[in-house]
1. Angle between the Cα long axis of helix 31-40 and the longest principal axis of the chain, 0 to 90 degrees, nearest 10?
2. Quick one: give the max-minus-min coordinate of the C-alpha atoms of the stretch 159-224 along each principal axis, largest first, in Å.
3. Just name one of ALA176, VAL131, VAL201: the one whose Cα is farthest towards the positive end of the charge dipole of the stretch 116-224 (beta-carbon charges, Lys/Arg +1, Asp/Glu -1).
4. Take the Cβ-Cβ distance between GLN42 and GLU91 as r, set R0 to 25 Å, and report the resulting FRET efficiency rounded to the nearest 0.05.
5. What does the convex hull of the Cα atoms of the stretch 76-164 come to per residue, in Å³, rounded to a whole number?
6. To the nearest 0.05, what FRET efficiency results for ILE149 and ASP180 with a Förster distance of 22 Å applied to their C-beta separation?
7. May I ask you to compute the full-extension gain from GLN59 to LEU135, defined as 0.36 nm times their residue separation minus their alpha-carbon distance, rounded to one decimal in nm?
8. Considering every pair of different Cα atoms, what Kirkwood radius, in Å, is found for the chain?
Amino acid sequence: MTQPHTQTAPQARGLFITLEGVDGAGKSTHISWLADQLRNRQLSVLTTREPGGTDLGEQLRTMLLHHAMHPDTETLLMFAARNEHLRSCIEPALTKGTWVVCDRFTDATYAYQGGGRALGKNRIGVLEQWVHPALQPDCTFLFDVDVDIARQRVLDGRTPDRFEHEQAAFFQQVRAAYLDRAQNDPQRFCIIDGKASITDVRAKLTRQLDQLVQRHSNLQDHAP
Ligand code: TMP
């Protein structure tokens with residue numbers, strides 16, 4: 001006897017959203033709120049972070065944030081953690097239609113290692129091609145704020161880690177590298193004023209999320 005089978009609607013890939021900015025720019029205040037906004041729209045959402053997001057990635061994060069190392073080692077470990085994260089967590093989630101909201105991704109490597117550590121773009125580009133040649137975030141919220149304000153927030157708030165211990169000049173380079181990336185990919189980046197009130201930031205995030213949800217529902221309508 002043939003079994004009746006229920007037909008499920010084909011599932012569009014989830015969208016990949018990243019949040020970036022210098023330490024103290026304010027992104028952490030909004031991540032879980034942002035994920036809840038998507039869940040309120042009946043979407044399945046995974047929030048995660050880099051470096052981290054897997055057991056191995058979290059162990060690498062502890063090393064990266066607390067052990068002194070050569071800038072090349074730091075860059076390679078960032079991508080080692082990312083590779084694990086992509087393969088075991090991010091890609092499977094996107095494939096099954098879950099949206100992924102990730103606190104930092106490869107833009108952070110371009111900004112911190114490429115800009116802050118002055119490694120430049122080329123070697124990071126090689127690793128990016130190796131680890132995720134075909135994947136880019138669908139939308140990146142870049143929280144941008146004056147470095148002095150960001151520094152003050154970090155130093156007031158917690159015991160600084162290895163990156164947060166860096167001098168203002170390091171963060172100026174990080175910020176410049178982020179802004180350079182945003183300028184070169186204005187379709188993907190949405191710059192958020194890190195000095196704006198929580199209400200104003202969330203109003204802007206809501207407008208962007210509405211557009212992304214619309215885009216996703218168009219994809220859903222055309223899913224094979
Ligand atoms: P977090 O404090 O925002 O969780 O980020 C941890 C630190 O790791 C932050 O100072 C930025 C740094 N970082 C890099 O230097 N390169 C990277 O690729 C990533 C993902 C983070």
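The values are calculated or read from the model by the stated rules, or taken from the named source; none is laboratory data. From a predicted model like this one, the values you see are computed outputs, not experimental measurements. Note: ideal-geometry Cβ built from the backbone for every residue, glycine included; neighbour counts use all protein chains shown. We work out accessible area using only protein heavy atoms, side chains counted, and drop any ligands, DNA or RNA first. Shrake-Rupley method; radii C 1.70, N 1.55, O 1.52, S 1.80 Å.
1. For helix 31-40, the angle is close to 10 degrees.
2. 50, 28, 23
3. Going by the Cα projections, it comes out as VAL131.
4. It comes out at approximately 0.65.
5. Given the Cα convex hull of the stretch 76-164, per-residue volume reads 123 Å³.
6. 0.60
7. 24.9 nm
8. About 18.4 Å, per the Kirkwood formula over Cα pairs.
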